[in-house]
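Data first, discussion second: the structure below is written as structure tokens.
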Amino acid sequence: MTIKTRFAPSPTGFLHVGGARTALYSWLYAKHNGGQFVLRIEDTDLERSTQEAIDAIIESMKWLKLNWDEGPYYQTKRFDRYNKLIDEMLADGRAYKCYCTKERLEKLREEQMKRGEKPCYDGHCRCSQEQHSPDEPYCVRFKNPTEGTVKFHDHIRGDVEISNRELDDLVIRRTDGTPTYNFCVVVDDYDMGITHVVRGEDHVNNTPRQINIYKALNAKVPEFAHVSMILGPDGAKLSKRHGAVSVMQYRDDGFLPEALLNYLVRLGWGHGDQELFSVQEMIDLFDLDTVSKSASAFDLNKLKWMNNHYIKTLDPEYVASHLEWHMKDQKIDYSKGPALSSIVKAYAERCSTLKEMAEQCRYVYEDFTELDEAASKKWFKANTPEVLTRCLEKFAAVSEENWKAENLHPVVESVAQEMEIGMGKVGMPLRIAVTGRGQSPGIDVTMELIGKSKCMERIERVRDMLAGAN
Ligand code: GLU
């Protein structure tokens with residue numbers, strides 16, 4: 001049997017990390033088993049679905065590289081198929097027309113609540129002999145079995161069993177003629193040959209109802225895995241209040257897709273005490289049966305740690321392709337200056353996000369006027385003009401071609417020696433002069449990146465400023 005899984009988001013908002021993790025588990029399960037992965041957009045809720053949300057979901061899936069083998073399918077394009085089946089079910093009695101008014105249903109609900117019962121449809125129209133005129137509005141309900149139980153084995157939650165008496169007759173087509181989620185999802189999973197339904201635990205109560213519909217359609221019931229929720233660090237359901245929740249916001253905040261995927265896979269699944277997994281390792285090792293059924297808490301610091309790991313260890317050219325987005329976002333013109341991959345190599349160690357990296361390397365490409373006040377105060381001393389002058393003299397002797405960290409480092413060293421001062425007393429004033437800041441990668445590497453002429457200009461400017469002030 002070829003394994004086929006799917007991700008079936010409703011486009012009522014952006015793709016949040018909980019949805020992304022469900023998509024990832026579903027995708028991994030297919031990949032692990034050499035199967036197929038389907039993307040289906042469940043847009044039957046016409047009022048709440050938007051094109052913007054569809055675009056955001058697709059953009060997120062592409063950014064995460066959760067590529068699909070089929071789709072995206074759209075439920076709104078399949079209404080004829082659903083309606084044809086509903087009509088067949090009406091014709092042979094697997095479903096029935098329900099003429100109950102909103103008022104009747106509300107009253108029924110109130111009475112049930114008053115008696116302390118769970119509100120459910122009482123089956124009034126299931127066996128009613130009442131006559132109705134053809135223009136009277138009705139919805140269609142599925143005839144749920146009244147006897148027995150529904151059982152299934154959930155790959156994450158274990159065995160689930162519920163009595164049919166607990167399940168009322170579900171509306172499968174609304175009065176306005178649109179089919180409902182619980183029906184469409186079954187028809188789709190059946191038509192698309194889905195073997196494993198991996199989805200959020202908020203759907204676990206729908207599953208027994210859906211299994212009854214599969215049976216009524218004479219369709220093979222797929223296997224199920226309901227993934228638990230992601231909580232905020234305070235134990236409450238993860239929400240905007242906890243910071244970023246949308247996948248694309250993590251891109252905007254400077255995370256690599258590899259880091260987010262690694263973080264999400266670990267949030268609820270593990271392999272011994274291993275924390276870091278390449279995508280290939282995830283594919284090789286992932287299994288639905290080892291996914292935890294308890295909710296997991298989101299920990300931004302751990303995600304940052306993983307992001308830093310991937311910034312440091314993935315191919316710098318690749319990381320640079322992501323850094324490029326942030327350079328553009330922060331309007332830094334990087335067209336003249338070093339390749340972004342050399343920025344990645346120099347800054348990887350010190351940045352946990354690419355947003356930070358773009359912020360930090362701005363001075364490599366752009367001139368500045370302000371110098372960090374605290375750093376200047378701390379490091380600019382009476383001898384600084386002399387330090388900078390000596391540096392300038394020695395740097396002048398280094399050709400553009402030789403303007404490399406390994407040739408610049410000895411200059412800093414020799415000035416420190418000659419003046420009998422510590423390296424920091426040379427390096428720090430230089431750093432402030434060429435970067436405007438008190439922190440940067442090694443001064444030699446930083447100066448190599450900035451280039452000779454800019455360094456000379458900047459050092460001279462600060463030297464003159466300080467000499468003038470004395
Ligand atoms: N469309 C549903 C949702 O976004 C998921 C349905 C399913 O996976 O079966 O919550």
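The values are calculated or read from the model by the stated rules, or taken from the named source; none is laboratory data. Predicted model, so just to flag it, every value in this text is computed and none were measured. Glycine also receives a Cβ, built like all others from the backbone with ideal geometry; neighbour counts cover every protein chain displayed. The protein model used for the area step is the full one, side chains on, heavy atoms only, and it has no ligands, DNA or RNA in it. Shrake-Rupley method; radii C 1.70, N 1.55, O 1.52, S 1.80 Å.
Just a few scattered comments:
- The mean accessible area for residues of the chain, using a 1.4 Å probe and ignoring ligands and nucleic acids, is 48 Å² per residue.
- Dipole magnitude of segment 240-348 about its Cα centre (Cβ charges: Lys, Arg +1; Asp, Glu -1), debye to nearest 20: 540 debye
- Other residues with beta-carbon under 12 Å from the beta-carbon of G158 carry, at +1 per Lys or Arg and -1 per Asp or Glu, a net charge of -1.
- The listed peptides 250-259, 213-222, ordered by packing as a protection proxy, come out as 250-259, 213-222 (highest mean of other Cβ atoms within 10 Å first).
- By the Cβ-Cβ criterion of under 4.7 Å, the unpaired cysteines of the chain are C100, C120, C127, C139, C184, C351, C361, C391, C455.
- Translational diffusion coefficient (Stokes-Einstein; Kirkwood radius from C-alpha pairs) of segment 1-100 at 37 °C, 0.692 mPa s, in µm²/s: 217 µm²/s
- Rounded Å value of the spacing that divides the Cα centres of segment 1-33 and segment 37-114: 18 Å
- Estimated translational D of the chain in µm²/s (Stokes, Kirkwood radius over Cα pairs; 20 °C; 1.002 mPa s): 80 µm²/s
- Compared with the dominant principal axis of the Cα atoms in the chain, helix 452-469 is inclined by about 60°.
- Helix 423-435 and the longest principal axis of the Cα set of the chain meet at an angle near 60°.
- Between helix 207-216 and the chain there is an angle of about 50 degrees, using the helix long axis and the longest principal axis of the Cα atoms.
- Positive-pole candidate from S278, I311, H326, dipole of segment 260-372, charges at beta carbon: H326
- Surface share of carbon and sulfur [accessible, 1.4 angstrom probe, percent] for segment 395-470: 48 percent
- Only Lys, Arg, Asp and Glu carry charge here, each on its Cβ (+1 for the first two, -1 for the last two); on that basis segment 95-194 has a dipole of about 240 debye about its Cα centre.
- Distance cut-off 27 Å, percentage of C-alpha pairs in segment 116-249 lying past it: 36 percent
- Ranked packing of 8-21, 342-355, most packed first, by mean Cβ within 10 Å: 8-21, 342-355
- Selected from I459, Y365, A348, residue furthest toward positive end of dipole (the chain; charges at beta carbon): A348
- Ranked packing of 23-32, 164-173, most packed first, by mean Cβ within 10 Å: 23-32, 164-173
- The relative contact order of the chain comes to 12 percent, based on Cα pairs under 8 Å that sit 6 or more residues apart.
- DSSP-defined beta bridges in segment 149-307 - what % are antiparallel, rounded to 5: 50 percent
- A straight chain from D92 to K77 at 0.36 nm per residue would run longer than the Cα-Cα distance by 2.9 nm.
- Shape descriptor for segment 322-470: Rg over Rh equals 0.96 (Cα atoms; Rh from the Kirkwood inverse mean 1/r).
- Proximal charge balance of H326 [Cβ under 15 Å; K/R count +1, D/E count -1]: -3
- When the C-alpha to C-alpha distance is required to be over 26 Å, the pairs from K4/K312; K97/K215; K107/K215; K331/K452; K62/K355; K345/K378 that qualify are K4/K312; K107/K215; K345/K378.
- Only Lys, Arg, Asp and Glu carry charge here, each on its Cβ (+1 for the first two, -1 for the last two); on that basis the chain has a dipole of about 580 debye about its Cα centre.
- Translational diffusion coefficient (Stokes-Einstein; Kirkwood radius from C-alpha pairs) of segment 46-191 at 10 °C, 1.306 mPa s, in µm²/s: 87 µm²/s
- For Y74, the residues 5 or more places off, or on other chains, whose built amide H falls under 5 Å of its own are I41.
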